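S.K.: Submitted below is the structure of interest, expressed as structure tokens.
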């Protein structure tokens with residue numbers, strides 16, 4: 001799933017902490033950030049100011065039910 005364009009990153013990351021399992025941001029270059037990691041969250045925030053990565057990267061949840069928790073921030077493809 002893709003992220004919506006104008007989300008509140010802080011609130012999105014707070015929702016990630018409510019997920020049962022890991023949530024990943026994956027770039028088209030093959031980079032994978034585990035958003036439960038503080039370092040990965042820092043990198044993710046840096047990416048958010050680069051639209052070419054933001055709109056092409058995808059969110060993948062290890063637990064399918066976690067997509068519901070993040071639904072306000074995701075676009076279904």
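The values are calculated or read from the model by the stated rules, or taken from the named source; none is laboratory data. Just so we're clear, the structure is a prediction, and the values are computed from it rather than from any experiment. As a convention, Cβ positions derive from the backbone with ideal geometry for all residues, glycine included, and neighbour counts pool all protein chains shown.
S.K.: Condition check: modelled with pLDDT of 95 or more and in contact with a helix residue (DSSP H, G or I) (Cβ under 7 Å, 6 or more places away or on another chain). Does residue 61 satisfy that? Outline the logic, then answer.
M.R.: Values: modelled with pLDDT of 95 or more: yes; in contact with a helix residue (DSSP H, G or I) (Cβ under 7 Å, 6 or more places away or on another chain): yes.
It is true that residue 61 is modelled with pLDDT of 95 or more and in contact with a helix residue (DSSP H, G or I) (Cβ under 7 Å, 6 or more places away or on another chain).
S.K.: Filter the range 56-77 down to the residues that are more than 19 Å from residue 19 (Cα to Cα) and touching a strand residue (DSSP E or B) at 6+ places or on another chain (Cβ under 7 Å), then identify the one that is surrounded by the fewest Cβ atoms within 10 Å (Cβ to Cβ).
M.R.: Initial filter on the range 56-77 (more than 19 Å from residue 19 (Cα to Cα)): 56-57, 77.
Restricting the remaining residues to those that are touching a strand residue (DSSP E or B) at 6+ places or on another chain (Cβ under 7 Å) gives 57, 77.
Values: 57: 22, 77: 6.
The selected residue is 77.
S.K.: A further question on this structure: Filter the range 40-72 down to residues that are more than 11 Å from residue 24 (Cα to Cα) and not in a loop (DSSP other than H, G, I, E, B), then give me how many there are.
M.R.: So the count comes out to 15.
S.K.: I need the full set of residues from the range 1-27 which are out of contact with any helix residue (DSSP H, G or I) (no Cβ under 8 Å at 6 or more places or on another chain), in a loop (DSSP other than H, G, I, E, B) and under 14 Å from residue 60 (Cα atoms), in order please.
M.R.: Across the range 1-27, the qualifying residue is only 22.
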